[in-house]
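The values are calculated or read from the model by the stated rules, or taken from the named source; none is laboratory data. Worth saying up front: this structure is predicted, and the values here are computed from it rather than measured. Every residue, glycine as well, gets a Cβ built from its backbone with ideal geometry; the counts of neighbours run over all protein chains shown. What goes into the accessible areas is simple: the full protein's heavy atoms, side chains included, and nothing from ligands, DNA or RNA. Shrake-Rupley method; radii C 1.70, N 1.55, O 1.52, S 1.80 Å.
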Amino acid sequence: MRVAIMGGNGQLGQDVSSAFAAAGHTITSLTHEDVEISSLDSVRTALVASQPELVVNTAAFHNVDKCEAEPGLAFAINGIGARNLAQVTEETGATLMHVSTDYVFDGKKGAPYVEEDVPAPLNVYGNTKLSGEFFVRSTNPRHFVVRTSAIYGENPCRAKGGLNFVELMLKLSKERKELRVVDDEFVTPTPTVQIAQQLVALSMSPDYGLYHATAEGSCSWYEFAGAIFELTKTNIRLEPARPGEFPAKVPRPRYSVLENAALKARTMNIFSHWKEGLQEYLARREARLS
Ligand SMILES: NC(=O)c1ccc[n+]([C@@H]2O[C@H](COP(=O)([O-])OP(=O)(O)OC[C@H]3O[C@@H](n4cnc5c(N)ncnc54)[C@H](OP(=O)(O)O)[C@@H]3O)[C@@H](O)[C@H]2O)c1
């Protein structure tokens, strides 16, 4: 297939490009310099030039605090941007694979969310990403909307200053003797390499629709930090943060764990437990640095 990747130089976009290329597809990796997804004209020009049969959209405005401060811009990119991609792919007969987020949920369920659960976002980021999902689902019937959670990869996250959570913890461990990390927000840390492999596998399926795609299991950020230090044998005093010690400026779901129910129902789930994914990430990291 001819595959175009939006956000091609992003943390996830780079792994998605590599995974589709490794599977033998012809890749057009489009950066923000090549295309402005909030502009229908720009999307049309980019896609007419590359003629993709599949478009994978990893582009987004996803800094939660900045989205709250700039809701118009967040909607233009996460909502209208997704609509533009859906409209042009619908017109050209292409399939759209659109990446979304666990932040479409309010976290009050207290058990892993399945695809049928009703979203109720708590902040502008979640609301605008949900609007993007609705635009995609109502505009192009050939769609995969794929929600994921707490992603980290070898390539820097452009929206978050380049350091993913693992790298941030390892950097802080060199600067401090003690670290306090929030223990009341539960997620599933998910490596971008696994998401990319899952997207390749899903793209072969005729079963369009909404999918949850995260690693297995769940943990608090404190537990995630603990696993990072344990696996890297880092000597640091790690403590759970006291309630209210790091008040979030913007409300976030306390428990946004996703269950890959739709993938499992179709025996397509490729994800391992989050701790295994972390172990593999750290092994690749060590090999790269040595
Ligand atoms: N990070 C997480 O923990 C997390 C969790 C769940 C879901 N997600 C979702 O995962 C996806 C990928 O995240 P990521 O970590 O790979 O992000 P990233 O590294 O920040 O990459 C996002 C890419 O989108 C591009 N982009 C931003 N605005 C654009 C626009 N208006 N038009 C065209 N391109 C634009 C960025 O280019 P510039 O940097 O040049 O602007 C960048 O290349 C997003 O859809 C996000 O909502 C992320």
Worksheet item: Inside region 179-290, counting only helices (runs of 4 or more DSSP H) that do not spill past its ends, which hold 1 or more residues that are free of Cβ contacts under 8 Å to residues at least 12 places away in the same chain and away from the ligand (no atom under 16 Å from the Cβ)?
Response: 221-231, 261-265, 274-289
Item to complete: Taking Glu259 as the residue in question, decide whether it is acidic (Asp, Glu), open to solvent by less than 70 Å² (accessible area, probe 1.4 Å) and out of contact with any Lys or Arg (no Cβ under 6 Å at 6 or more places or on another chain).
Response: yes
Worksheet item: Where residues in region 159-178 are free of Cβ contacts under 8 Å to residues at least 24 places away in the same chain and open to solvent by 60 Å² or more (accessible area, probe 1.4 Å), which of them is nearest to Phe224 (Cα to Cα)?
Response: Leu168
Discussion item. Could you check region 131-157 and list, in sequence order, the residues that are within 16 Å of the ligand (Cβ to nearest atom) and surrounded by fewer than 20 Cβ atoms within 10 Å (Cβ to Cβ)?
Written reply: Ser131, Phe134, Arg137, Glu154, Asn155, Pro156
